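S.K.: Handing you this structure, nothing more for now.
The values are calculated or read from the model by the stated rules, or taken from the named source; none is laboratory data. As the structure is a computational prediction, the values presented were derived from the model and not from experiment. Positions of Cβ are generated from backbone atoms using ideal geometry, with glycine treated the same way; all protein chains shown enter the neighbour counts. Quick note on the areas: whole protein, heavy atoms, side chains included, nothing else; ligands and nucleic acids left out. Shrake-Rupley method; radii C 1.70, N 1.55, O 1.52, S 1.80 Å.
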Amino acid sequence: MNTRDLIDSLSSDLQPVPGFWPFWSVLALWLAASVFYVGGMILLFGPLRPGVEAQLVMPSRFSVEMLFGAAALVCWAIAGLADSIPGLYPRWPIRLAWMFLGIWLLHFIVGFVSPSLEPSMVGKRDHCSSEAYIYSLPPTLLMIWLQRRRFPLNPLRASIYAAIAAAIIPAVAMQVACMYEPTHILVNHVFPILVLATGVGIAAFLIIHLSRK
């Protein structure tokens, strides 16, 4: 068999593979779907904190704080999706993600001395911590599914990035839906990010380890 016949025999049964959606389109769709889902669920189970519209509109540390939270979300989402495409993973999204997340958290730590808003029980949700986990899980699974549609070279790391990005959404949303008090925010809104990322990381590790046996 000559080379041409060999190539023809190997390629005769090949079928065209549908192309992947563009990276930025997938990112925009994930962000839109996730934010819409979390926002809808929050409104379904209770109203926003009274007076929060005015707090967001007027120039204040609170509005800046919200912007840093949103920026951290976008950067973690970029890092999570980029990590699923070999050769695409850039360093700048994860560096910015850590920076914005750190600045966002710093606002709450500074809040023990000088809070962005007057601490208050207004708007308190009795089960906000449980809501944070429930709202985070579907966006996490959606991003992991999108990652698996590509070829993540480090699926464990990619899964953790997906969990962090997803868990930031309800954490930021709760700043306008639940009471504003630094300790409450760190324990009930921010701490679930760490718990979810750890849980997803352990689950991903076990699945990867078992699949290799």
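S.K.: Probe radius 1.4 Å, ligands and nucleic acids left out: which of E118, E181 has the largest accessible area, and how do the rest follow?
M.R.: My answer, sorted largest first, is E118, E181.
S.K.: What ³J(HN,Hα) values, in whole Hz, does the Karplus curve 6.51 cos²θ - 1.76 cosθ + 1.60 give for region 67-73 when θ = phi - 60°, with x put for Gly and Pro?
M.R.: With coefficients 6.51, -1.76 and 1.60, one gets 5, 5, x, 5, 5, 4, 4 Hz.
S.K.: On a 1.4 Å probe surface of the protein chains, which of I208, I185 comes out largest in accessible area, and what is the full order?
M.R.: Putting I208, I185 in descending order of accessible area: I208, I185.
S.K.: Would you mind computing, in nm to one decimal, how far apart the modelled labels at S60 and L206 are, each placed 7 Å from Cα along Cα→Cβ?
M.R.: Using points 7 Å along Cα→Cβ, the separation is 4.4 nm.
S.K.: At 1.4 Å probe size, put I103, I42 in order of accessible surface, largest to smallest.
M.R.: Greatest to least solvent exposure: I103, I42.
S.K.: Just to verify a number: what accessible area does R150 come out at with the full protein assembly present, 1.4 Å probe, Å² rounded to tens?
M.R.: Around 40 Å² of this residue is reachable by solvent.
S.K.: While we're looking at this one, here's another question. At what distance in nm do the modelled label points of V35 and V195 sit from each other, each positioned 7 Å from its Cα along Cα→Cβ?
M.R.: Using points 7 Å along Cα→Cβ, the separation is 2.6 nm.
S.K.: Here's something else I'd like to know. For the chain, find the longest principal axis of its Cα atoms and tell me its angle to the long axis of helix 23-45, 0 to 90°, nearest 10.
M.R.: Between helix and principal axis, roughly 40 degrees.
S.K.: Sticking with this one: Show the residues, 5+ positions off or on another chain, whose built amide H is closer than 5 Å to the amide H of C178.
M.R.: Result for C178 returns R49.
S.K.: Right, next: Do you know the relative contact order of the chain, to the nearest whole percent, from alpha carbon pairs under 8 angstrom that are 6+ apart?
M.R.: Value for the chain: 26 percent.
S.K.: Moving to a separate point now. Measure off, as a whole percent, the carbon and sulfur share of the 1.4 Å-probe accessible area of the chain, all protein chains present.
M.R.: 72
S.K.: Taking the Cα centre of the chain as the origin, how large is its charge dipole in debye, to the nearest 20, when only Lys and Arg (+1) and Asp and Glu (-1) carry charge on their Cβ atoms?
M.R.: 380
S.K.: Taking the Cα centre of the chain as the origin and placing charges on Cβ (Lys, Arg +1; Asp, Glu -1), which of I168, L48, A33 is farthest toward the positive end of the dipole?
M.R.: Value computed over the given set: I168.
S.K.: Pick from W21, W104, W92: which is most flexible by mean-square fluctuation in a GNM of the chain where alpha carbon atoms under 10 Å apart are linked?
M.R.: Looking only at W21, W104, W92, the biggest GNM fluctuation is shown by W21.
S.K.: I'm spelling it out carefully: the read-out is P(r) over Cα pairs in 10 Å bins from 0, in percent, the candidates are (i) 8, 35, 37, 18, 2; (ii) 8, 31, 30, 16, 7, 4, 3, 1, 0; (iii) 9, 35, 33, 17, 5, 0, and one was derived from this structure. Which label?
M.R.: (ii)
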